[in-house]
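The values are calculated or read from the model by the stated rules, or taken from the named source; none is laboratory data. The structure presented is a predicted model; accordingly, all values stated were derived computationally and were not measured. Cβ placement follows ideal geometry from the backbone for every residue including glycine, while neighbour counts extend to all protein chains displayed. Heads up: the accessible areas ignore ligands, DNA and RNA and are worked out on the full protein's heavy atoms, side chains in. Shrake-Rupley method; radii C 1.70, N 1.55, O 1.52, S 1.80 Å.
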Amino acid sequence: MALAFDEYGRPFIILKEQDQKTRLRGIDAQKANISAGKAVARILRTSLGPKGMDKILQSPDGDVTITNDGATILEQMDVDNQIAKLMVELSRSQDYEIGDGTTGVVVMAGALLEQAERLLERGIHPIRIAEGYEMASRIAVEHLEHISQKFDFGASNIEPLVQTCMTTLSSKIVNRCKHHLAEISVKAVLSVADLERKDVNLDMIKVEGKVGGKLEDTELIYGITVDKDMSHPQMPKQIEDAKIAILTCPFEPPKPKTKHKVDIDTVEKFQTLRLQEQKYFDDMVQKCKDVGATLVICQWGFDDEANHLLMHRNLPAVRWVGGVELELIAIATGGRIVPRFQELTPEKLGRAGLVREKSFGTTKDKMLYIEHCANSRAVTIFIRGGNKMMIEETKRSIHDALCVARNLIRNNSIVYGGGSAEISCSIAVEAAADKYPVVEQYAVRAFADALDSVPMALAENSGLQPIETLSAVKSQQIKENNPHYGIDCNDVGTNDMREQDVFETLIGKQQQILLATQVVKMILKIDDVISPSDY
């Protein structure tokens, strides 16, 4: 692109390959961008709330995903438009930062864009709209702080945490046993949490799944599961008070790094070589026995001779265990990963109260459970389910619940769900709009209208009359000055979200409003779209 001047000194732009580029500018560009953002939001709108619908997505290689997690839907969708990609980024950043509320944030951004479109048609400048939105978002975030409540929980009183995780899980496919899964998530987070530093390392929670069984069989294991079995079928299937040697060196004679060739021309030489090999294996196995190991976990394989020797010396072993699992086992058992046999010492052994092999159903699938570890800071959530898609969706739901529990440990403030927080913010923003004497007050009002879109979508997805329900709840909130009234999605018979125990994290809600506003401001500031033409 180059800038040139005509004979009167007026600048004009020369575009390379002019005819091959398409260009949108001014109000057309903004409207095109807004309609792209709205299109993405419309897809996710129906999957909001406990009665939200699921989406089925097929990847180019035929993998099918069924989900109603906003971030996953947008990740898997093949999006070409630049503005729609911004919406995908928006839900991804909500997922990374908070882990929950990925659908709500996109619906919110879509509603803000819709309101902005109306204001643009009235002739208000996009920058003024963006500034008005910024003011309104600040009012809304402060108001959320004002209506939030702190609640106390401890290692003994986990019910408040469970209630909040249940709110998250109620909009997922797993809502029929949400209490069980919420309890598992909270216990898992509390067992790896550092409550003094208010820090949770979610890497310490391993989420494993196996097809078969039913969702109710999902369990929390205070230890690690490895999808392997003992290397020899006659080795013991259960070891109590195990001392574990964690090795990354192979059970085989050392190989010279250079190219080599051994000439064997007599039987005696072959016998000598074989005895030498056997001695190597003997020494290796003896070394493990001498330091007191009762179980060997090895990253590499070992051949049948080593296997046979291990069996005879009563030293159970597991082979081909992956690097990530080895690290988790080392963390859980308090052991050290040993790269050479010479470095094996009793202090480097890990300790576990129980190591057992468990088989599943009629298949020959076996798994190794390492439980009652010295350091119980590594736990595994083991999911069962009818099919692969169900397990994948449960994993995503559990991830959301774990993130919510982590956020509550970091900041134990909550607001009430069911759209009640949005309605309350909408009322507050509407009331504050009159204080601005400038054009921005239109944008502030539009922001208040956009906040209503979340409860409206909730009502719509629950099969209620959206406008009627929303206005009834709003008038109830204003009349009683009570910010806890929301949409009664599950037909419980009360609009009070405190009675229904529908909570959401304060930081999650604030993040939603801030992120949505930022993205909408960015989209409104774009007034020129230059894209290469399609060949």
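The residues of the range 380-395 that are part of a helix (DSSP H, G or I) and surrounded by 20 or more Cβ atoms within 10 Å (Cβ to Cβ), listed by number, are ILE391, GLU393, THR394.
Which of the residues that make up the range 271-284 are surrounded by fewer than 20 Cβ atoms within 10 Å (Cβ to Cβ) and hydrophobic (A, V, I, L, M, F, W, C)? Talk me through it step by step, then tell me what you get.
Quick first cut of the range 271-284, residues surrounded by fewer than 20 Cβ atoms within 10 Å (Cβ to Cβ) only: 271-280, 282-283.
Once the filter is applied, which keeps residues that are surrounded by fewer than 20 Cβ atoms within 10 Å (Cβ to Cβ) and hydrophobic (A, V, I, L, M, F, W, C), the range 271-284 yields LEU273, LEU275.
Return the only residue of ARG356, ARG336 being of a type in the set (Lys, Arg) and more than 17 Å from GLU208 (Cβ to Cβ).
Values: ARG356 fails: more than 17 Å from GLU208 (Cβ to Cβ).
The unique qualifying residue is ARG336.
Among the residues of the range 24-70, the one identified as surrounded by 19 or more Cβ atoms within 10 Å (Cβ to Cβ) and acidic (Asp, Glu) is ASP69. The combined condition, being in contact with a Lys or Arg (Cβ under 9 Å, 6 or more places away or on another chain) and assigned to a loop (DSSP other than H, G, I, E, B), is fulfilled by GLY99.
Return yes or no: is VAL324 over 27 Å from HIS372 (Cβ atoms), among the β-branched types (Val, Ile, Thr) and open to solvent by 50 Å² or more (accessible area, probe 1.4 Å)?
Details: over 27 Å from HIS372 (Cβ atoms): no; among the β-branched types (Val, Ile, Thr): yes; open to solvent by 50 Å² or more (accessible area, probe 1.4 Å): yes.
So VAL324 does not fit the description; no.
Would you mind stating whether THR248 is closer than 18 Å to LEU349 by Cα, buried (at least 17 other Cβ atoms within 10 Å of the Cβ), hydroxyl-bearing (Ser, Thr, Tyr) and within 41 Å of the chain's Cα centre (by Cα)? So THR248 does not fit the description; no. For the range 368-379, a residue qualifies if it is aliphatic (A, V, I, L, M) and either assigned to a strand (DSSP E or B) or buried (at least 23 other Cβ atoms within 10 Å of the Cβ) (or both), and the qualifying residues are LEU368, ILE370, ALA378, VAL379. The C-beta contact set for the range 265-289 (first residue over 17 Å from LEU315 (Cα atoms), second residue open to solvent by 90 Å² or more (accessible area, probe 1.4 Å), distance under 9 angstrom, 6+ apart or interchain) comprises LYS269/VAL262; LYS269/ASP263; LEU273/VAL262.
Please specify each residue of the range 220-242 satisfying the condition of being of a type outside the set (Val, Ile, Thr) and farther than 24 Å from HIS312 by Cα. Once the filter is applied, which keeps residues that are of a type outside the set (Val, Ile, Thr) and farther than 24 Å from HIS312 by Cα, the range 220-242 yields LEU220, TYR222, GLY223, ASP227. Scanning the range 316-348 for residues that are under 22 Å from HIS232 (Cα atoms), of a type in the set (A, V, I, L, M, F, W, C) and modelled with pLDDT under 85 yields a single hit, PHE341. When every residue of the range 400-423 is checked against the conditions, none turns out to be more than 30 Å from PRO466 (Cβ to Cβ), over 20 Å from the mean Cα position of the chain (by Cα), among the basic types (Lys, Arg) and not in a strand (DSSP E or B). Among the residues of the range 490-535, those that are farther than 30 Å from ASP28 by Cβ and in a loop (DSSP other than H, G, I, E, B) comprise ASN490, ASP491, VAL492, GLY493, THR494, ASN495, ASP501, VAL502. One residue alone among GLU145, GLU131 is in contact with a strand residue (DSSP E or B) (Cβ under 9 Å, 6 or more places away or on another chain) and among the acidic types (Asp, Glu), and that residue is GLU145.
Residues considered: ALA29, ALA39, ALA84. Of these, the only one that is under 28 Å from CYS403 (Cα atoms) and among the aliphatic types (A, V, I, L, M) is ALA84.
Just to be sure, is GLN518 within 29 Å of ALA32 (Cβ to Cβ), open to solvent by 40 Å² or more (accessible area, probe 1.4 Å) and either touching a Cys at 6+ places or on another chain (Cβ under 9 Å) or touching a residue at least 40 places away in the same chain (Cβ under 8 Å) (or both)? Let's see the steps before the verdict.
On the way: within 29 Å of ALA32 (Cβ to Cβ): yes; open to solvent by 40 Å² or more (accessible area, probe 1.4 Å): yes; either touching a Cys at 6+ places or on another chain (Cβ under 9 Å) or touching a residue at least 40 places away in the same chain (Cβ under 8 Å) (or both): no.
No: the conditions fail for GLN518.
Residue-by-condition table, conditions (1) free of Cβ contacts under 8 Å to residues at least 60 places away in the same chain; (2) touching a Ser or Thr at 6+ places or on another chain (Cβ under 8 Å):
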{"site": "ASP449", "(1), (2)": "no, yes"}
{"site": "SER462", "(1), (2)": "no, no"}
{"site": "GLU468", "(1), (2)": "yes, no"}
{"site": "GLN477", "(1), (2)": "yes, yes"}
{"site": "CYS489", "(1), (2)": "no, yes"}
{"site": "MET497", "(1), (2)": "no, yes"}
{"site": "LEU506", "(1), (2)": "no, yes"}
{"site": "LYS509", "(1), (2)": "no, no"}
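Take GLY101 and decide whether it is of a type outside the set (A, V, I, L, M), in contact with a strand residue (DSSP E or B) (Cβ under 9 Å, 6 or more places away or on another chain) and crowded, with 18+ Cβ neighbours inside 10 Å. Considered against the rule, which asks whether it is of a type outside the set (A, V, I, L, M), in contact with a strand residue (DSSP E or B) (Cβ under 9 Å, 6 or more places away or on another chain) and crowded, with 18+ Cβ neighbours inside 10 Å, GLY101 comes out as yes. Taking residues in the range 168-182 that are closer than 11 Å to GLY52 by Cβ, and partners anywhere that are basic (Lys, Arg), the pairs with Cβ atoms closer than 7 Å and at least 6 places apart or on different chains are SER170/LYS178. When VAL192, VAL174, VAL141, VAL200 are checked against the criterion of being among the β-branched types (Val, Ile, Thr) and at pLDDT 90 or above, VAL141 stands alone in meeting it.
Checked against (1) under 21 Å from GLU208 (Cβ atoms); (2) open to solvent by less than 10 Å² (accessible area, probe 1.4 Å); (3) not β-branched (Val, Ile, Thr), LEU349 passes all but condition (1). Among residues of the range 220-234 that are in a strand (DSSP E or B), those with a beta-carbon under 7 Å from a residue that is of a type in the set (Gly, Ala, Ser) at least six positions away or on a different chain give the pairs LEU220/ALA188; GLY223/ALA332; GLY223/ALA352; ILE224/ALA332; ILE224/ALA378. Candidates GLU422, GLU430: the one that is charged (D, E, K, R) and open to solvent by 20 Å² or more (accessible area, probe 1.4 Å) is GLU430. The single condition among (1) in a helix (DSSP H, G or I); (2) without any contact (Cβ under 8 Å) to a residue 12 or more places away in the chain that HIS143 does not meet is (2). Taking the range 146-198 as the range and being open to solvent by less than 60 Å² (accessible area, probe 1.4 Å) and in a strand (DSSP E or B) as the test, the residues that pass are ALA193, ASP194.
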